[in-house]
Amino acid sequence: MGTPIIRPFNESDLPGAAAALVSVHATDGYPVEGVEDPEGWIQSPHVQAAWISESDGKIVGHVSVMRPQGEDAVAMWQEQSGDNDDHVAVLARLFVLQEARKHALGEQLMRAAMTWAQGQGIRLVLDVMTKDTSAIRLYQRLGWIKIGETTHTFGDDQHTDAICFVAPEA
């Protein structure tokens, strides 16, 4: 694998990002939704900004910042902080291909999103399923603060425990 770069997502990245998403789902079970229409899931109309990691012309990672859509993490943070939807966004759709891990790409993608959000005066929140322990370790290492716990509902009324986090202050 060549030296990966992080750059803003553009329309021509969609097929490669969708293929990477399907691959990550096959190896990690993440995401639990969106795999049946990976392009639609990645290119949601709620995306405010997104970045990819690319190596040798192949998309190997992705992250996006999304407008709030009633997520528990958003509600928890708004209740705790008093922020409104104009000042909160959701870090979402973070994934890195298995063969591209160990290059800190997840961290670099998150830092790109965090830097963008700080520049916009937006506080990022997220929820992560408790089974995704390496993601939880990454968030904690980057200073994200646990703000609560919830149950993530997906698919045909399936449920799994999740933890809600808020990004550190700028």
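Some notes on this structure:
- Residue in segment 112-126 that is of a type in the set (A, V, I, L, M), part of a helix (DSSP H, G or I) and under 24 Å from Ala19 (Cα atoms) present: yes
- Residue pairs meeting the criteria (Cβ under 6 Å; at least 6 apart or on separate chains; first within 14 Å of Glu36 (Cβ to Cβ), in segment 150-161; second of a type outside the set (Lys, Arg) and part of a loop (DSSP other than H, G, I, E, B)): Phe154/Val32; Phe154/Glu33
- Some residue of segment 76-85 being over 18 Å from Pro168 (Cα atoms) and either within 14 Å of the chain's Cα centre (by Cα) or of a type in the set (S, T, N, Q) (or both): no
- Residue pairs meeting the criteria (Cβ under 8 Å; at least 6 apart or on separate chains; first closer than 18 Å to Leu105 by Cα and in contact (Cβ under 8 Å) with a residue 60 or more places away in the chain, in segment 1-15; second part of a loop (DSSP other than H, G, I, E, B) and of a type outside the set (S, T, N, Q)): Met1/Asp56; Met1/His103; Pro4/His103
- Exactly one residue out of Lys102, Lys58 is out of contact with any Asp or Glu (no Cβ under 6 Å at 6 or more places or on another chain), within 16 Å of Val22 (Cβ to Cβ) and not hydroxyl-bearing (Ser, Thr, Tyr): that is Lys58.
- Looking across segment 90-109, the residues that are in contact with a helix residue (DSSP H, G or I) (Cβ under 7 Å, 6 or more places away or on another chain) and in a helix (DSSP H, G or I) come down to Gln98, Gly106, Glu107.
- Considering only residues in segment 1-39 that are in a helix (DSSP H, G or I), in contact with a Leu (Cβ under 7 Å, 6 or more places away or on another chain) and not hydrophobic (A, V, I, L, M, F, W, C), the one that is surrounded by the most Cβ atoms within 10 Å (Cβ to Cβ) turns out to be Pro38.
- Asp132 falls short on exactly one of the conditions (1) surrounded by 17 or more Cβ atoms within 10 Å (Cβ to Cβ); (2) under 16 Å from Ser64 (Cα atoms); (3) of a type in the set (D, E, K, R), and that condition is (2).
- Residues being touching a Gly at 6+ places or on another chain (Cβ under 9 Å) and surrounded by fewer than 19 Cβ atoms within 10 Å (Cβ to Cβ) - total across segment 108-128: 1
- Tally, over segment 33-59, of residues that are modelled with pLDDT under 95, of a type outside the set (D, E, K, R) and farther than 25 Å from Arg123 by Cβ: 5
- Looking only at residues in segment 144-170 that are hydrophobic (A, V, I, L, M, F, W, C) and within 16 Å of the chain's Cα centre (by Cα), the one that is surrounded by the fewest Cβ atoms within 10 Å (Cβ to Cβ) is Ile145.
- Enumeration of residues in segment 62-120 that are without any contact (Cβ under 8 Å) to a residue 12 or more places away in the chain and among the basic types (Lys, Arg): Arg101, Lys102
- Among residues of segment 30-49, those that are in contact (Cβ under 8 Å) with a residue 60 or more places away in the chain and small (Gly, Ala, Ser), counted: 1
- Qualifying positions in segment 46-61 - farther than 14 Å from Asn10 by Cα, of a type outside the set (A, V, I, L, M, F, W, C) and assigned to a strand (DSSP E or B): Ser55
The values are calculated or read from the model by the stated rules, or taken from the named source; none is laboratory data. All of these numbers come straight from a predicted model, not from anything done at the bench. All Cβ positions, even for glycine, are placed from backbone atoms using ideal geometry, and neighbour counts span all protein chains on display.
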